[in-house]
Amino acid sequence: MVCRPGANGLHNGRGRMLLGVSLGHCHCHNCEVRHNVDKSNALLHGAQKRAPRRRNRILEYQLYIRNRIPNLDGLPDPRLFAAHAPLVSLPRSVMRMGCKIVYVCRDPKDVLISHWNFVNKFRARDGLEALSVETAADFFCDGVTLSGPYWDHVLGYWRAHQAHPQKVLFFRYEEMIGDPAAHVRKLAQFVGRPFCMEEEEAGAVEAIVRLCSFEHMTGLDVAKHGVTELVVSMAENSWFFRRGQVGDWGNYLSRETARRIDAITEARFKGSGLRV
């Protein structure tokens, strides 16, 4: 992440900022919807009109790029951003000044497949030979990803969650898929916007779950057309959505490769209390 002391807005850690973080390709789209929804749900449905990476922009891929220093102080509260950077790359003020972080982790094998597929989209567009999944797995196991080693990334936010649960909310993608409504409620409580009885009875939780579902998101026109500017290139909006399924790695990885990743995960997470 390019964020040095003095960078407007982010470094001063002004409160009422929500930062959604993942290693990539395990998104939490309902962060913005709950943070902005009003009693009439008008803003909830307005979220459908914006591209997947224009609602909550990625700090290190879309804002702090090409020597740009955006004036984030000019944005009204509450402010919502996304990031894929490890915790050690964030300014210390993010934790110190009351900003809240929602972290989503996912099975490393599924993360690998999503990364591999995404990178090969760029390579195909540029006329380059596709990376084999075996080569991608070697890079992944060596910690070579755009956001650093998977295990360091996850453990950084997991330990921050354990030390400061009121500041860092830790979600597992697989559990989110299994019970999305429960996670919407946890998120609402975390950001200080719990659902009232009237909202519960009106079906606000279920509406957010439907709006943020993979099936709904991939069906939107903005998810099928247009491009999003990233730090080094333009990406088609459709590239951000693949299948969203739990365990899809089984269709691509050999048993040997899967065991290799599982062994690294078990060794790195031993004693942390974390299981993915």
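Say whether the condition of being of a type outside the set (S, T, N, Q) and farther than 17 Å from ARG243 by Cβ is met by at least one residue in segment 109-117. Looking for residues that are of a type outside the set (S, T, N, Q) and farther than 17 Å from ARG243 by Cβ, one finds none in segment 109-117, hence no. Across segment 86-108, the number of residues qualifying as on the phi < 0 side of the Ramachandran plot and either surrounded by fewer than 18 Cβ atoms within 10 Å (Cβ to Cβ) or in contact with an Asp or Glu (Cβ under 8 Å, 6 or more places away or on another chain) (or both) comes to 9.
Determine, yes or no, whether ALA130 is over 24 Å from ALA188 (Cβ atoms), at pLDDT below 80 and not in a strand (DSSP E or B). Against the criterion (over 24 Å from ALA188 (Cβ atoms), at pLDDT below 80 and not in a strand (DSSP E or B)), ALA130 does not qualify.
Given the criterion hydrophobic (A, V, I, L, M, F, W, C), at pLDDT below 95 and within 30 Å of ARG159 (Cβ to Cβ), identify the matching residue among LEU220, LEU211, LEU230, LEU253. Before the answer, list the steps.
Details: LEU220 fails: within 30 Å of ARG159 (Cβ to Cβ); LEU211 fails: within 30 Å of ARG159 (Cβ to Cβ); LEU253 fails: at pLDDT below 95.
LEU230 is the lone residue from the list that is hydrophobic (A, V, I, L, M, F, W, C), at pLDDT below 95 and within 30 Å of ARG159 (Cβ to Cβ).
Scanning segment 190-220 for residues that are free of Cβ contacts under 8 Å to residues at least 40 places away in the same chain, surrounded by 13 or more Cβ atoms within 10 Å (Cβ to Cβ) and either among the aromatic types (Phe, Trp, Tyr) or part of a helix (DSSP H, G or I) (or both) yields PHE195, GLU200, VAL205, GLU206, PHE214, HIS216, THR218.
For PHE170, the requirement of being under 17 Å from the mean Cα position of the chain (by Cα), touching a residue at least 12 places away in the same chain (Cβ under 8 Å) and within 18 Å of ASP110 (Cβ to Cβ) is met. Checking ALA163 against (1) closer than 20 Å to LEU90 by Cβ; (2) touching a residue at least 24 places away in the same chain (Cβ under 8 Å), which test does it fail? The number of the failed condition is (2). Taking segment 138-164 as the search range and keeping residues that are in contact with a helix residue (DSSP H, G or I) (Cβ under 8 Å, 6 or more places away or on another chain) and aromatic (Phe, Trp, Tyr), which one is nearest to ILE261 (Cα to Cα)? The extreme case among them is PHE140.
Would a scan of segment 77-86 turn up a residue that is assigned to a helix (DSSP H, G or I) and touching a residue at least 40 places away in the same chain (Cβ under 8 Å)? No. What about THR145, is it modelled with pLDDT of 90 or more and not aliphatic (A, V, I, L, M)? When the stated conditions are applied, THR145 does not pass them.
Being hydrophobic (A, V, I, L, M, F, W, C), buried (at least 21 other Cβ atoms within 10 Å of the Cβ) and in a helix (DSSP H, G or I) is the requirement here; does ILE113 meet it? Considered against the rule, which asks whether it is hydrophobic (A, V, I, L, M, F, W, C), buried (at least 21 other Cβ atoms within 10 Å of the Cβ) and in a helix (DSSP H, G or I), ILE113 comes out as yes.
What number of residues within segment 135-158 are part of a loop (DSSP other than H, G, I, E, B) and surrounded by 17 or more Cβ atoms within 10 Å (Cβ to Cβ)? Working first, answer last.
So in segment 135-158, the residues part of a loop (DSSP other than H, G, I, E, B) come out as 142-149.
Keeping just the survivors that are surrounded by 17 or more Cβ atoms within 10 Å (Cβ to Cβ) gives 145, 147-149.
Residues flagged as part of a loop (DSSP other than H, G, I, E, B) and surrounded by 17 or more Cβ atoms within 10 Å (Cβ to Cβ) within segment 135-158 amount to 4.
For segment 159-171, the tally of residues that are in a helix (DSSP H, G or I) and either under 16 Å from VAL119 (Cα atoms) or touching a Phe, Trp or Tyr at 6+ places or on another chain (Cβ under 6 Å) (or both) stands at 1.
Filtered by the rule that a residue be closer than 26 Å to ARG260 by Cα and either surrounded by 11 or more Cβ atoms within 10 Å (Cβ to Cβ) or in contact with a helix residue (DSSP H, G or I) (Cβ under 6 Å, 6 or more places away or on another chain) (or both), segment 124-134 gives ALA130, LEU131, SER132, VAL133, GLU134.
When the criteria are applied in full, LYS121 fails the requirement of being surrounded by 21 or more Cβ atoms within 10 Å (Cβ to Cβ) and either touching a Ser or Thr at 6+ places or on another chain (Cβ under 6 Å) or assigned to a helix (DSSP H, G or I) (or both).
The values are calculated or read from the model by the stated rules, or taken from the named source; none is laboratory data. Computed from a prediction, not measured in an experiment: that's the story for all the values here. Using ideal geometry, Cβ is built from the backbone for each residue, glycine included, and neighbour counts are taken over all protein chains shown.
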